[in-house]
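Heads up, the thing below is written out as structure tokens.
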Amino acid sequence: MNLLSILAKGGWLMIPIALFSLIALGIFVERLLVLRKTRINLNAFLLKLRQRIANNDIEGALVLCAQTESPIAKVLETGIKKHGQSREEIKEAIESAGRAEIFQLERGFGALATISGVAPLTGFLGTVTGMIQAFMRIQELGGNVNATVLAGGIWEALVTTAAGLVVGILTLLGYNYLVARVQRFVFELEVSSTNLLELLTGDVDEEVSAS
């Protein structure tokens, strides 16, 4: 028997498990492509930004942010637009923009977390219903069954559990990987925002001022 034949033995609950796997894969790939856009040479970007702001070239700093395809650049652009206002106003604008970008990056994460938990449970449900049917079959035969018939009913019932666990484990691994990527983005955003806030409010050290 090939793999498809084995999976077909799992019964109708294999259908939602298959759907869960397709949904999880679609979300993972889509989020992965989105998160790739957050990857930039952060040190080089911040260096160019420092030079423009230190030279009071605010317009040049805004152009640099607009030309850089990254959520970090969008957040910092929001803070730069508040140039000349109080530290609290700039900080609030940056934090608000940062929360919005993080929310967009985490879209679909809830669905992945749900699938990672629901897929194994669906598999267990399939096994339970399969075992019920197997024992009903034994009752119909009056207990006159051999080991082959009994084992066949049991392994068919266990197929859904195996499929559900595979989907759940892979989805959980994908979810944790994406969460780690977002956490890295949050860290980089915090570092960048702190540097920008110091530059815009004049609270910079000598090295930054010299640049």
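The values are calculated or read from the model by the stated rules, or taken from the named source; none is laboratory data. Keep in mind that what you see is a predicted model, and the values were worked out from it rather than measured. So basically every Cβ, Gly included, is an ideal-geometry build from the backbone, and we count neighbours across all protein chains shown.
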Worksheet item: Any chance segment 62-83 includes a residue that's assigned to a loop (DSSP other than H, G, I, E, B) and more than 25 Å from Lys37 (Cβ to Cβ)?
Response: yes
Worksheet item: Do we have any residue at all in segment 68-76 that's surrounded by fewer than 16 Cβ atoms within 10 Å (Cβ to Cβ) and among the basic types (Lys, Arg)?
Response: no
Worksheet entry | Residue satisfying condition, being out of contact with any strand residue (DSSP E or B) (no Cβ under 6 Å at 6 or more places or on another chain), surrounded by 13 or more Cβ atoms within 10 Å (Cβ to Cβ) and closer than 30 Å to Ala162 by Cβ, within set Ile15, Ile94, Ile27, Ile40 | Ile27
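For segment 97-112: of the residues being within 17 Å of Leu197 (Cα to Cα) and surrounded by 17 or more Cβ atoms within 10 Å (Cβ to Cβ), which is farthest from the chain's Cα centre (by Cα)? Before you say what the answer is, go through the steps one by one.
Kept after step one, since they are within 17 Å of Leu197 (Cα to Cα), are these residues of segment 97-112: 97-99.
With surrounded by 17 or more Cβ atoms within 10 Å (Cβ to Cβ) added as a condition, the list becomes 97-98.
Numbers: Ala97: 19, Gly98: 17 Å.
Ranking the candidates gives Ala97 first.
Quick check on this structure: which one of Gly202, Gly152, Gly168, Gly142 is on the phi < 0 side of the Ramachandran plot, more than 20 Å from the chain's Cα centre (by Cα) and either surrounded by 16 or more Cβ atoms within 10 Å (Cβ to Cβ) or modelled with pLDDT under 90 (or both)? If you could, list the steps in order and put the result at the bottom.
On the way: Gly202 fails: on the phi < 0 side of the Ramachandran plot; Gly168 fails: more than 20 Å from the chain's Cα centre (by Cα); Gly142 fails: on the phi < 0 side of the Ramachandran plot.
None of the other options fit; the residue is Gly152.
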